[in-house]
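The structure appears right after this line, and notes come after that.
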Amino acid sequence: MRRDVFTEDHEQFRAQVRRFVDKEVAPKVEEWNARGTSDRATWKRAGDEGLLGVCAPTEYGGAGADFLYAAIVNEELARVRAHAMMLSLHSDIVMPYVTEYGSEEQKRRWLPGTITGDVLLGIAMTEPGTGSDLANVQTTARRDGDHYVLNGAKTFISNGQIGDLFVVVAKTDPQAKPAHSGISLILVEADRPGFVRGKKLDKLGLRGQDTSELFFEDCRVPVSNLLGREGQGFKMLMQKLQQERLVIAITSMASCRRALDDTMVYVKERKAFGQPIAAFQNTQFRLAELWTEVQVGQAFVDQLVAAHARGDDIVMEVSGAKFWTTDLQKRLVGECLQLHGGYGFMMETPIATDYADAAVQSIYAGTNEIMKVIIARRLGLGS
Ligand SMILES: Cc1cc2nc3c(=O)[nH]c(=O)nc-3n(C[C@H](O)[C@H](O)[C@H](O)COP(=O)(O)OP(=O)(O)OC[C@H]3O[C@@H](n4cnc5c(N)ncnc54)[C@H](O)[C@@H]3O)c2cc1C
């Protein structure tokens, strides 16, 4: 079925992205997974190709494109399983905080480098003691003259080792009631004294993506690094999470399509009892069902991508898509792995890494349980 959300111009862009990804990214995925990180040279090449911050305003070096272009970049990277290069985090999750809430001075200072790939971004929300309950962060940013002094610990931070600039969630007013009204967002450069990178964490999946601990030890940051206003941090986070969750739904569907395509090829080649396993009715029914679910999910996500690009408030729908598509992805890769038999359990078979990589999709960007809490609240259920 033709995906009519994309125009001819979008499809031409997709062809350009695909050429770049096949040549510059796909050959490195295995090495990145073994090393536990992507390489900066490829980020830089992606910047040269115009693939970083495609939606960022043109006056700072971006393409000023609509969100469908960002969706294409994310789909093409997921198609080659390039999860190590978390371009979506950089361009579509963190950069929008600067483009939307940054002062003119902040934008001029940081955006050009993020678009060329010289400055890599991360966001530090989660702490050892709190993830879902974001209002409970313990990292503090105490005002001292024209500086903030940051103290605290963060964990599970993507791009923690290679990132240069982090949006840090900290309490500027730890006594505030309600607690979330004391939260602010502060841009922290990784080369500041007191910014300490901790361990790169050993993970089940996303082996090539760098996920780390970060520590702030009397880290002094000028007040000019504050994003927006003091105490507005939680509100800004809530506003930006719609796009973060939509990106997860987009990559989930792209990963489902990739796993399904590979499985279709495998079941036609692999023989048992003198015939391809594709000839067994069980195989046919399983794949027919999964294919149908992918069509349903893709139609929903495409509709949301178009609505998001228009600027619609679709928090409920995106929360639903995030949990539904990631649950589908986990189930689909499990069933595709089963159709690969023992080879599916071998790390040399891509479906094995798909299985491990899928597990986190229902956890980060807000767990799937939190997605249901959001929907239930907006349905007027409970408190
Ligand atoms: C690979 C990876 C990359 C990540 N990257 C980043 C990053 O770049 N920046 C960042 O800040 N964070 C990042 N995270 C952290 C991620 O966002 C959190 O792990 C996630 O929000 C869940 O928080 P938690 O781990 O503390 O789980 P908890 O909040 O402790 O949750 C544990 C369980 O309790 C459930 N639960 C919690 N509250 C409720 C509730 N109200 N109702 C029902 N169930 C509930 C959860 O759904 C979950 O099943 C990353 C995590 C991973 C694994």
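The values are calculated or read from the model by the stated rules, or taken from the named source; none is laboratory data. Fair warning: this is a prediction, and the values are worked out from it, not measured in the lab. All Cβ positions, glycine included, derive from the backbone under ideal geometry; neighbour counts span all protein chains shown. The area values use the complete protein model at the heavy-atom level, side chains included, leaving out ligands, DNA and RNA. Shrake-Rupley method; radii C 1.70, N 1.55, O 1.52, S 1.80 Å.
Pop out the Kirkwood hydrodynamic radius of segment 148-209 from its pairwise C-alpha distances, inverse of mean 1/r, in Å to one decimal. Before the final figure, lay out the partial values.
Numbers: mean 1/r = 0.0745 Å⁻¹.
Taking the inverse mean of 1/r over all distinct Cα pairs, segment 148-209 comes out at 13.4 Å.
Between the residues VAL54, HIS83, LEU227, the greatest Cα displacement towards the positive end of the dipole of the chain, with unit charges on the Cβ of Lys, Arg, Asp and Glu, is found for HIS83.
Pairs of C-alpha atoms in segment 255-300 farther apart than 16 Å represent 40 percent of all such pairs.
Here the Gaussian network model covers the chain, with springs between Cα atoms less than 10 Å apart; of SER181, SER91, SER362, SER181 fluctuates the most.
Normalised by residue count, segment 1-91 yields a Cα convex hull volume of 96 Å³ per residue.
Shown for the chain is the translational diffusion coefficient from the Stokes-Einstein equation, using the Kirkwood radius over Cα pairs, a temperature of 10 °C and a viscosity of 1.306 mPa s: 73 µm²/s.
Comparing Cα centroids, segment 314-383 and segment 218-290 end up 7 angstrom apart.
Give me log10 I(q)/I(0) at q = 0.12, 0.17, 0.18, 0.20 Å⁻¹ for segment 113-272, Debye formula, one equal scatterer per alpha-carbon, no solvent. With no solvent term, the Cα-only Debye profile gives -0.59, -1.03, -1.14, -1.35.
Over the chain, with a Gaussian network built from C-alpha contacts below 10 Å, which listed residue (PHE166, PHE280, PHE13) shows the highest mean-square fluctuation? So, out of PHE166, PHE280, PHE13, the one fluctuating most is PHE280. Using the Cα coordinates of segment 79-143, the gyration tensor eigenvalues translate into equivalent-ellipsoid semi-axes of 24, 20, 9 Å, sorted from longest to shortest.
Find the relative contact order for segment 110-220 and round it to a whole percent, using C-alpha pairs within less than 8 Å whose residues are 6+ positions apart. Walk me through the numbers before you get to the answer.
On the way: 244 pairs, mean separation 31.9, N = 111.
The normalised contact order for segment 110-220 reaches 29 percent.
The Cα-based radius of gyration and maximum Cα-Cα distance (Dmax) for segment 14-158 are 16.9, 52 Å. In the frame of its principal axes, segment 188-266 has Cα extents of 56, 30, 16 Å, reported largest first.
Which links in LYS23/LYS154; LYS23/LYS268; LYS44/LYS203; LYS44/LYS171; LYS23/LYS372; LYS171/LYS199 stretch past 31 Å when you go from one Cα to the other?
Numbers: LYS23/LYS154 35 Å; LYS23/LYS268 28 Å; LYS44/LYS203 26 Å; LYS44/LYS171 34 Å; LYS23/LYS372 40 Å; LYS171/LYS199 24 Å.
The pairs that break the limit, which is 31 Å between Cα atoms, are LYS23/LYS154; LYS44/LYS171; LYS23/LYS372.
Enclosing the Cα atoms of segment 261-381 in their convex hull gives a volume equal to 118 cubic angstrom per residue. Heavy-atom accessible area, probed at 1.4 angstrom with all protein chains present, ranks GLU269, GLU127 as GLU269, GLU127, highest first.
A probe of 1.4 angstrom, applied to the heavy atoms of all protein chains, finds TRP324 with accessible area near 90 square angstrom. Remark: segment 51-97 projects, on average over all directions, an area of 3.0 nm² (convex hull of Cα atoms).
Only protein heavy atoms count here; under a 1.4 Å probe, ILE370 has an accessible surface of about 50 Å².
Run a plain Debye calculation on segment 316-360 (Cα atoms as equal point scatterers, no solvent) and give log10 I(q)/I(0) at q = 0.14, 0.16, 0.32 Å⁻¹, rounded to two decimals, same order as the q list. For the requested q values the scattering log ratios are -0.35, -0.44, -1.05.
Run the numbers on the chain and let me know its relative contact order in percent, using alpha-carbon pairs under 8 Å that are six or more apart. Working shown, then result.
Details: 663 pairs, mean separation 58.5, N = 383.
In percent, rounded to a whole number, it is 15.
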